[in-house]
1. Against the conditions (1) in contact with an Asp or Glu (Cβ under 9 Å, 6 or more places away or on another chain); (2) of a type outside the set (V, I, T); (3) under 19 Å from A6 (Cβ atoms), where does F121 fall short? Just the number, please.
2. Hey, V204 hits all of (1) in the same structural domain as D477 (by TED's automatic domain parsing); (2) among the aliphatic types (A, V, I, L, M); (3) under 21 Å from A6 (Cα atoms) but one; which does it fall short on?
3. Being within 21 Å of R453 (Cβ to Cβ) and touching a Lys or Arg at 6+ places or on another chain (Cβ under 9 Å) narrows it down to one of A330, A288, A322, so name that one.
4. Report yes if R83 is basic (K, R), in the same structural domain as L153 (by TED's automatic domain parsing) and under 25 Å from R334 (Cβ atoms), otherwise no.
5. Out of S50, S56, report the one residue that is assigned by TED's automatic domain parsing to the domain that holds L205 and either surrounded by fewer than 19 Cβ atoms within 10 Å (Cβ to Cβ) or closer than 21 Å to G151 by Cβ (or both).
6. Inspect all residues belonging to segment 401-421 and state whether any of them is surrounded by 20 or more Cβ atoms within 10 Å (Cβ to Cβ), out of contact with any His (no Cβ under 6 Å at 6 or more places or on another chain) and within 30 Å of N262 (Cβ to Cβ).
7. Scan (1) among the β-branched types (V, I, T); (2) touching a residue at least 60 places away in the same chain (Cβ under 8 Å); (3) surrounded by fewer than 20 Cβ atoms within 10 Å (Cβ to Cβ) for the single condition I7 breaks and write down its number.
8. Among the listed residues D377, D407, identify the single one that is charged (D, E, K, R), at pLDDT 90 or above and not assigned by TED's automatic domain parsing to the domain that holds A177.
Amino acid sequence: MCGIAAIFGNDWDVEQLRSMRRVQAHRGPDDRGIFTNRSKTAGLAHNRLSIIDLSSAGHQPMNLGDLWITYNGEIYNFPEIRRELEHDHEFKTKTDTEVLLAAYKKWGASFLNKLIGMFAFVIWNEAEKTAFAARDRFGVKPLYFHHKPNGTLLLASEIKALHSAGIPRDPDPRSWANYFSHGLTDYANNTFWRSIYSLPAGFVLNWKKDGVVNFSRWYDIADRSGNEFDQRAEAEVGEDYFSLMKESVGLRFRSDVPVGINLSGGLDSSSLLSIVNRLKPAASAIKAFTFTTGDEQYDELPWVRSMVEYTGLELVECRLSADEVPDLAASVQRFQDEPFGGLPTLAYARLFETAHKNGVKVLLDGNGMDEQWGGYDYYESALNRSSTGISVVQGSATSSLRPDCLDPEFKKLADFSGFPKVFSDSFRNLQYRDTVFTKIPRAMRYNDRISMRSSIELREPFLDHRLFELAFRQPQDRKRIGANGKTLLRKITSKLLPDNVSLAPKRALQTPQREWLRGELREWAEEQIENGLKNIGCGWFDEDLVRTGWKKYCAGEGDNSFFVWQWISLGLIR
């Protein structure tokens with residue numbers, strides 16, 4: 001896991017590249033490097049977090065003849081791809097980076113389809129004076145860019161790197177309007193900052209020496225899974241899926257540094273833990289990490305401890321208290337660059353801090369199962385009606401987002417018109433929405449920044465495209481029957497888990513955010529809200545309505561704290 005940056009064109013200097021690398025140092029504290037070509041039309045920078053081949057042979061930017069690469073991610077099946085290439089290339093390192101270069105040289109852009117992993121990389125072709133960039137299928141690894149009118153292109157792992165290179169830090173009112181009107185983040189390639197864009201998941205970017213940039217999609221779950229349902233027997237599908245689960249987890253155990261696991265008490269992370277326990281080397285001591293807040297209403301310790309007792313792995317509890325929130329929120333915001341998801345993100349950040357202190361450099365996580373198997377409670381609505389109108393924020397009705405507090409002219413900037421309907425049924429269209437536009441993109445951004453904040457590589461075994469494609473092809477009744485979600489998945493994993501975990505209902509990952517904002521954190525929250533109204537959000541709101549809404553919330557009106565966190569988010573931006 002690393003931080004990457006690149007500049008192509010004529011209008012730049014090497015100090016900009018150094019600045020981009022410097023502000024991303026947390027993403028790769030083990031090594032750093034810069035490449036610029038003789039004509040100063042191309043520059044690549046890199047911060048390295050060493051996970052595979054810890055030697056200096058893994059230094060980046062790395063080259064293979066005229067090809068130069070700066071790369072962030074892990075290709076889990078790189079040994080298999082390497083064996084395919086050994087007749088064409090004499091390998092000098094044990095890195096997946098060299099495999100990427102050799103594969104690109106032999107197969108061109110089509111080599112992306114061979115990759116199992118998470119990645120964002122930029123390849124410069126010195127002979128042709130062209131640049132090629134790509135992002136993984138589900139956007140686990142980030143890549144942002146700014147394209148100047150004169151054709152100069154800047155790319156980086158984080159938005160702050162582009163700002164450090166001189167790109168103005170101007171808010172994009174349209175993105176903020178869609179956030180406050182619809183709760184939308186990370187649903188499109190625009191960001192919360194004007195003229196800075198995200199390369200979408202599953203896309204490639206090509207830059208030519210005339211300054212022209214072209215984009216194309218190389219992966220789409222809808223195309224790969226198809227519209228037809230899997231007609232095979234449920235038992236056969238279950239065997240295939242379970243085999244892929246084990247293979248996916250096994251691949252993500254390839255590491256030259258200690259590996260741990262994030263554990264909640266839910267079905268997904270518990271299944272991951274059981275598979276990890278089966279696959280781990282006999283002499284390894286895998287640590288499981290879980291966060292707590294000291295509130296029995298929200299903490300999942302009974303289920304977590306049940307799993308730890310079941311597997312015998314060591315558990316490390318990571319406690320978040322209310323008095324830690326102000327400083328932690330300010331720190332996390334500096335690394336996120338854009339609004340993040342409230343106290344659950346802060347609790348997760350505390351978990352990564354603790355893992356780092358425990359000497360763990362790689363953590364596995366259970367994201368992806370709910371999107372594959374219709375695990376969220378609102379999927380029940382999709383059984384009987386169109387998914388249109390189902391909130392993009394779980395547990396929030398549209399009215400709870402308080403667009404009535406927005407200035408009318410600012411509110412008009414919100415231009416969201418809905419998500420594409422690519423499947424013939426509303427259930428899979430909702431899955432597609434959550435996978436491509438809402439749940440997964442949002443979680444990947446939050447998780448990447450908080451893991452990198454602690455210089456830890458986060459791996460997502462269930463965000464394997466083969467698992468997604470197989471699950472998407474299953475009939476609806478294998479995913480959800482009424483209020484019971486993940487129907488087939490529960491059957492598949494029942495042999496792995498104790499009954500109180502495998503049969504437990506879906507529980508959203510929660511913290512006492514509602515109670516803390518009304519109680520211990522009330523003064524801090526109000527300070528952030530006022531800061532947002534006076535600074536970045538000046539003129540965007542009817543301030544009296546915001547203050548009235550805040551007072552009503554503090555008085556106990558309403559159970560949903562999402563709109564309050566939106567206001568706080570605005571104030572956290574500095």
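The values are calculated or read from the model by the stated rules, or taken from the named source; none is laboratory data. Keep in mind the model is a prediction, meaning the values are calculated, not measured. Note that each Cβ is placed from the backbone with ideal geometry, even for glycine, and that neighbours are counted across all protein chains shown.
1. So F121 meets the others, but not (1).
2. Going through the list (1) in the same structural domain as D477 (by TED's automatic domain parsing); (2) among the aliphatic types (A, V, I, L, M); (3) under 21 Å from A6 (Cα atoms), V204 breaks only (1).
3. Result: A330 is the single residue among A330, A288, A322 that is within 21 Å of R453 (Cβ to Cβ) and touching a Lys or Arg at 6+ places or on another chain (Cβ under 9 Å).
4. no
5. S56
6. Scanning segment 401-421 turns up at least one residue that is surrounded by 20 or more Cβ atoms within 10 Å (Cβ to Cβ), out of contact with any His (no Cβ under 6 Å at 6 or more places or on another chain) and within 30 Å of N262 (Cβ to Cβ).
7. So I7 meets the others, but not (3).
8. Exactly one residue qualifies, and that residue is D407.
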